[in-house]
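The structure appears below as structure tokens.
Just so it is clear, none of the values below were taken in a lab; they were calculated from the coordinates. This one's a predicted model, so the numbers in the text were calculated from it and none came from an experiment. For neighbour counting, all protein chains shown are included, and Cβ atoms are generated from backbone atoms with ideal geometry for every residue, glycine included.
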Amino acid sequence: MKISYNVNKNGFYGDFGGAFIPEMMHANIEELKSNYIKISSEKSFVKEFHDLLKNYVGRPTPLYFAKRLSNKYKTKIYLKREDLCHTGAHKINNTIGQILLAKKLGKNRIIAETGAGQHGVATATVCALMGIKCIIYMGEVDIKRQAPNVARMKMLGAEVRPAVCGSKTLKDATNEAIRDWINNPINTHYIIGSVVGPHPYPDMVARFQSVIGNEVKSQLKKIEGNENPNYVIACVGGGSNAAGIFYPYLDNEKVKIICVEAAGKGIDSGESAATSVLGKEGIIHGSKTLLMQTADGQITEPYSISAGLDYPGIGPMHANLYRSGRGKFISIDDKDAMKWGLNLSRMEGIIPAIETSHAFAVLDKIKFSKDDVIVFNCSGRGDKDLETYIDYFKL
Amino acid sequence: MNRINKVFENKKEILSIYFTAGFPNLSDTSSIIENLDKSGVDMIEIGLPFSDPIADGPTIQQSSSTALKNGMTTKKLFSQLKDLRKLTNIPIIIMGYFNPIMQYGVEPFCKDCESIGIDGLIVPDLPVDIYYNNYKKTFEKYNLLNMFLITPQTSIERVKFIDKISNGFIYMISSFSITGAVNSFQKEQKEYFERINKMNLKSPLLIGFGISNRETYKDAIKFSQGAIIGSAFIKHLEKKGVNKITDFIKKIRK
């Protein structure tokens, strides 16, 4: 039988995934598990989802041929312009899908976790759109670091609750959101922002994000006469933009997959987020995956200059891509990522999110050939990172 | 016979106390156990601290963070418990999240538990089905009972399944909420306790989460074989220290 890199019926990707959850979450996860595919394949759901993606988010996003970059690197480089989505990144594809699902499940209260605030903003946005109460958990440290996004969420009518335990960052915000869900199991839906958490979340989020890869396929077919690029490349924190663009290519091994992680200040610096290198198999937020932890099994705090990549784990799909060798993993440090923020700005007139900049730095690490077709997921725009860019480059 | 099974055979109105190992101080473990034993509790749950305890409330999370800062590890705890059975004869349970146990190795963990005289485990994020398919044999090989949780949301079929594979007691979560104190039980909670009681399960029931004082303890034992107190005890420890444990237990039981 042909190996599949997609989720199996038990919620696992190879050795990874599953639902390692306390009994208090069982009923909620079971409700989602038995409904998410059924509801999201209903005709009325598909129609509403695609209407909103088209008229509200601005899809399909362009597949842009980056001419100057291609010339310089002597290969064919395309950018999937998720940075042009409403709210500035791919995150909203998932929140639109999940809010529609929540409505169908009869939920009238939404909770979400956020690190840098991008997923929080995307969630607050769809809650405003639907007129549903929205509570965003955010680490106290991140609230201070990401003031403009906190203001955006508030302006959109969301309540931002600080996570004050632990390291007061993304993983703690996730813990708080899980606790809220445990305390409010009936009326509340938890919109997880990445392909992490217990099954069915990784698969559900990947499916909603798969619109990215599906568009690439049909766009590339028109432009190049072939729907298969030689490479798809995306940055991986939790991994939702990567899952979205890889999705239709997962089992098509003609297409090479490259995942770019944040090395932070360097793999050996003690301040890194390169989970594939530094992580070990374990359980985080209800999922068996690779995660950064102490020898004793305590989850450690990762570091990257980009807040969106400093999650101590990766999604189970990516853990399996890594272990099976289907995906090549490359880690890029802060310095190279920042340099590529500038490169892309000056060569293509696109200021990328720092997360996204990591992916482009691969161009200096791998020699591509003249005929290669390479698709980068340009997952987010850099507006939110201006302050970091200003500080770093003394602009 | 396992000490847990024995205690349910011989006693009613069981009081089980949870504390986080390594809190308030790294080396308090033995003296907490000794004092609890002296004060007459029937069972002790030792919490193995974890950085991300999603099934616990703020009090236990805070105590876990402190314990980890104090330097508590699985190895350290096992070495502190080396002479456990010289200290006490009551049943001792370790409650820990699955990741630290996985990193230690499930089999070595169970083996070391047995050799120091641990009677059972509560692993809140190890779901029943995964336990049943992958780890039941290992737990049984080392004579460790595994206690499962049920909540008001747990379906009747699932409660029946949990009862069937349980070999100790069932941990009945008093409400939707994660651990932390409430003052008294609501009507809906009592209805849920009654609903479970009417099922005539083979496993004894202990009520946990939200038991904070004599009133809630008395309430809980109307519907079960006993109760578990965690957060309220941790708060008492934090305020009064390990030498005043008997005061706390006396107030609950009189």
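Peptide B:61-67 is shielded by partner chain Cβ atoms: per residue, an average of 2 of them sit within 10 Å of its Cβ. List, in the order given, every pair from B:6/B:76; A:2/A:254; B:38/B:137; A:80/A:222; A:328/B:136; B:11/B:38 whose Cα-Cα distance in the structure shown is over 26 Å. Result: B:6/B:76; B:38/B:137; A:328/B:136 exceed 26 Å. With a cut-off of 14 Å between beta carbons, the residues surrounding residue B:71 carry a summed charge of +1, where Lys and Arg count +1 and Asp and Glu -1. Sorting the segments B:218-228, B:192-202 by their residues' average number of neighbouring beta-carbon atoms within 10 angstrom, most packed first, yields B:218-228, B:192-202. Could you work out the percent of alpha carbon pairs in segment B:80-121 separated by over 12 Å, rounded to a whole number? Cα-Cα pairs of segment B:80-121 separated by over 12 Å account for 60 percent. Treating r as the C-beta distance of residue B:25 and residue A:108 and R0 as 35 Å, the FRET efficiency rounds to 0.15. Counting only residues at least eight positions apart within a chain, or on another chain, the aspartates and glutamates with an alpha carbon under 19 Å from that of residue B:86 are B:28, B:34, B:37, B:42, B:45, B:112, B:114, B:119.
Only Lys, Arg, Asp and Glu carry charge here, each on its Cβ (+1 for the first two, -1 for the last two); on that basis the protein assembly as shown has a dipole of about 680 debye about its Cα centre.
Averaged over peptide A:164-176, how many Cβ atoms belonging to another chain are found within 10 Å of each residue's Cβ? For this peptide, the per-residue mean of nearby foreign Cβ atoms is 3.
Net charge around residue A:37, counting only other residues with Cβ within less than 15 Å of its Cβ (Lys, Arg = +1; Asp, Glu = -1)? Result for the neighbourhood of residue A:37: +2.
Remark: the residue A:37-residue A:222 segment gains 63.6 nm on full extension, using 0.36 nm per residue and subtracting the alpha carbon distance. In angstrom, the C-alpha Rg and Dmax of segment B:3-248 are 16.7, 46. When peptides A:167-174, A:332-339 are ranked by their average number of other Cβ atoms within 10 Å per residue, the highest-first order is A:167-174, A:332-339. Taking 1.567 mPa s as the viscosity and 4 °C as the temperature, the Stokes-Einstein diffusion coefficient of the protein assembly as shown based on its alpha-carbon Kirkwood radius rounds to 50 µm²/s.
The alpha carbon convex hull volume per residue for segment A:207-276 rounds to 92 Å³.
Over chain B, dividing the summed -39,500 (n - 2.57) contributions of all DSSP H runs of at least 4 residues by the number of residues returns a 222 nm mean residue ellipticity of -12500 deg cm²/dmol. From least to most packed, judged by other beta carbons within 10 angstrom and beginning with the fewest, A:256, A:367 follow the order A:367, A:256. Taking the inverse of the mean reciprocal distance over all distinct Cα pairs, the Kirkwood hydrodynamic radius of segment A:14-129 comes to 16.7 Å.
What is the Cα centroid distance between segment B:90-120 and segment A:4-75, reported in whole angstrom? Here the two parts' Cα centres lie 38 Å apart. The distance separating the Cα centre of segment A:307-322 from that of segment A:201-273 comes to 12 Å.
With a 10 Å cut-off around each Cβ of A:282-291, the average count of Cβ atoms from other chains is 3. Other residues with beta-carbon under 10 Å from the beta-carbon of residue B:150 carry, at +1 per Lys or Arg and -1 per Asp or Glu, a net charge of -1. Sorting A:348-356, A:276-284, B:126-134, A:183-191 by their mean Cβ neighbour count within 10 Å, with the most densely packed peptide first, gives A:348-356, A:276-284, A:183-191, B:126-134.
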